[in-house]
1. Take region 7-130, compute every pairwise Cα distance, and split them into 5 Å bins from 0; I just need the percent in each bin.
2. Treating cross-link reach as a plain straight distance, find the lysines whose alpha-carbon is under 18 Å from the alpha-carbon of residue 234, omitting any fewer than eight places away in the same chain.
3. Please report, largest first and rounded to whole Å, the three semi-axes of the ellipsoid equivalent to region 308-370, where each semi-axis is the square root of five times an eigenvalue of the C-alpha gyration tensor.
4. How big is the C-alpha Rg of region 177-306 next to the rule-of-thumb value 2.2 N^0.38 Å, as a ratio?
5. For region 112-185, what is one quarter of the convex hull surface built on the Cα atoms, given in nm²?
6. Pop a pseudo-label 7 angstrom from the Cα along the beta-carbon direction at both residue 121 and residue 369 and give the gap in nm to one decimal.
7. Sort by residue number and report every cysteine in the chain with no other cysteine beta carbon within a distance under 4.7 Å.
8. Once the convex hull of the alpha carbons of region 154-208 is built, what does its volume come to per residue, in cubic angstrom?
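What follows is calculated from the coordinates using simple rules that are stated; it is not laboratory data. Owing to the predicted nature of the structure, the values given are computational and were not obtained by experimental measurement. All Cβ positions, even for glycine, are placed from backbone atoms using ideal geometry, and neighbour counts span all protein chains on display.
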Amino acid sequence: AVANKEYDVAVIGGGPGGYVAAIKAAQLGLNTVCIESRGKLGGTCLNVGCIPSKSLLNTTHMYHVAKNDFPKLGLKASDISYDLDALMKNKDKVVTGLTGGIEMLFKKNKVTYVKGKGRITAPSSLNVDLIDGGSEAIKAKHIIIATGSEPSPFPGLKVDQEKIIDSTGALALKTVPKKMVVIGGGVIGLELGSVWRRLGSEVTVVEFADAIGAGMDSAIAKSFQRSLTSQGIKFMTSTKVVGVDQSSGAQSVIVEPKAGGAQTKIEADVVLVSIGRRPYTDGLGLKEVGVALDDKGRVQVNDQFQTNVPGIYAIGDVIDGPMLAHKAEEEGVACVENIAGKHGHVNYEAIPSVVYTHPEVAQVGKTEEQLKAEGVAFRVGDFPFMANSRARANNDAVGNVKVLADAKTDRILGIHIIGPNAGELIAEAVLAVEYQASSEDVARTCHAHPTLSEALKEACMAAYDKPIHM
Ligand code: FAD
Ligand code: NAI
């Protein structure tokens with residue numbers, strides 16, 4: 001190989017895991033290349049995930065507030081409506097700006113960016129089918145697989161991104177469907193279901209499990225469902241989607257109770273399939289080089305992110321753990337720190353997760369159900385936003401903060417927030433868990449008034465003693 005095509009590190013995939021790993025590797029003085037087949041950096045998250053969904057959630061929330069809450073607040077605005085095309089263009093502009101920004105960061109940090117599909121041909125060799133045609137051979141001492149994930153298909157249902165859509169289609173519909181059925185009441189179903197509900201669709205979410213929210217604390221999940229129901233989303237929990245009948249030209253979603261029983265049909269203009277995501281390793285050459293996968297098709301790694309093949313590593317959605325952008329980023333940093341001879345580490349006990357609906361739902365650590373199952377004795381501190389002055393001043397006081405602390409040591413084991421700005425508030429909770437704080441530690445920390453963060457302080461007061469404002 002030619003000298004300039006030999007690298008210390010080659011990262012396959014330019015998503016939050018891969019691009020962060022590449023930048024960090026370059027910052028640590030490693031000669032680094034990042035290979036991305038999409039034509040744009042940022043992966044699922046920036047292009048068809050976190051960012052476009054948050055843009056649509058934000059604009060549709062503003063629309064909802066203007067239309068429904070302005071009169072209650074004494075604000076007058078007439079003829080509030082929207083232009084879907086312009087709303088989508090704004091979203092696209094946000095995405096383009098951010099993906100372009102990563103390209104600049106690559107230049108700044110001297111990461112080589114190769115546009116094409118990478119395939120591992122030997123432990124330190126890659127071949128890239130370039131987007132612009134032709135191919136390029138790359139040699140690298142260390143190869144990091146960061147190829148991410150893709151939507152899990154619903155057996156027998158073909159996604160056409162118009163009538164039957166996955167999350168990518170749901171971020172780019174050209175008209176507002178009159179009726180939308182969402183298969184799966186997890187994060188994607190609830191976020192994107194909210195977007196289209198706010199724009200006027202009749203949304204029905206069908207969820208196989210007994211509760212929505214894919215494993216969130218069950219008391220929080222219950223109030224979450226109540227809140228979304230009051231916004232007009234219909235829910236069918238403990239219900240299985242059996243299939244979709246398209247024989248009449250329309251979409252007829254066939255459902256049956258989880259416990260068995262009579263099948264019924266729900267008519268829909270558009271069906272959103274959001275039943276989870278699966279690791280993406282197509283055409284990577286893993287079988288040929290002998291990289292082991294687990295039973296779910298994820299690349300198997302140890303706590304140093306090493307696969308069974310020396311010199312090949314994996315991070316992000318393609319390995320075990322929550323499929324979250326920040327989890328992928330932490331792993332990217334830790335992985336290259338280990339490669340550079342440092343001591344990279346990810347604390348999986350302190351990874352937050354957030355649902356960006358309104359109210360938002362955010363959590364870190366254990367749920368009440370998990371602690372019960374583990375036989376851990378705990379105390380609960382609960383504080384409602386109704387008793388928080390800032391939430392009241394903002395006319396946005398639905399929800400509560402729930403703190404779970406060890407009954408003996410008072411160490412915080414889990415914090416669950418449903419309410420305004422929960423996604424920002426959770427950062428303090430993550431810090432508390434990371435530093436193994438007690439609920440008393442947080443309760444005795446001065447919080448600015450009037451802020452939503454005082455609700456977390458008071459929930460901590462409730463966990464170890466008594467709150468003041470309740
Ligand atoms: P990805 O982001 O999937 O990136 C992998 C990249 O690798 C892709 O760009 C792909 O094109 C490329 N690739 C694959 N194979 C090859 C190959 N052989 N050669 C070259 N390139 C290749 N997470 C959050 O934390 N917060 C959110 O708000 C959030 N919202 C989401 C909303 C939606 C609608 C979706 C779908 C996901 C959301 N996620 C969110 C999840 C988040 O997008 C993922 O967890 C994150 O993108 C994973 O990062 P990654 O780097 O592991 O993989
Ligand atoms: P999910 O795992 O969150 O939820 C899928 C839901 O579908 C589960 O509740 C499951 O019980 C249900 N389900 C599965 N099969 C079903 C069937 N046949 N009928 C009815 N229900 C069925 O997966 P989702 O929502 O597709 O999202 C994928 C991943 O993307 C998330 O797990 C998350 O990691 C990531 N994501 C994160 C976001 C965030 O952090 N805000 C936003 C969007 C996605």
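1. 2, 10, 17, 16, 13, 10, 8, 7, 6, 5, 4, 2, 1, 0
2. Filter leaves 178, 179, 222, 258, 265.
3. 28, 12, 11
4. 1.29
5. If you wrap the Cα atoms of region 112-185 in a convex hull and average its projections, you get 8.3 nm².
6. 4.9 nm
7. That list is 34, 335, 446, 460.
8. It comes to 76 Å³ per residue, whole-number rounded.
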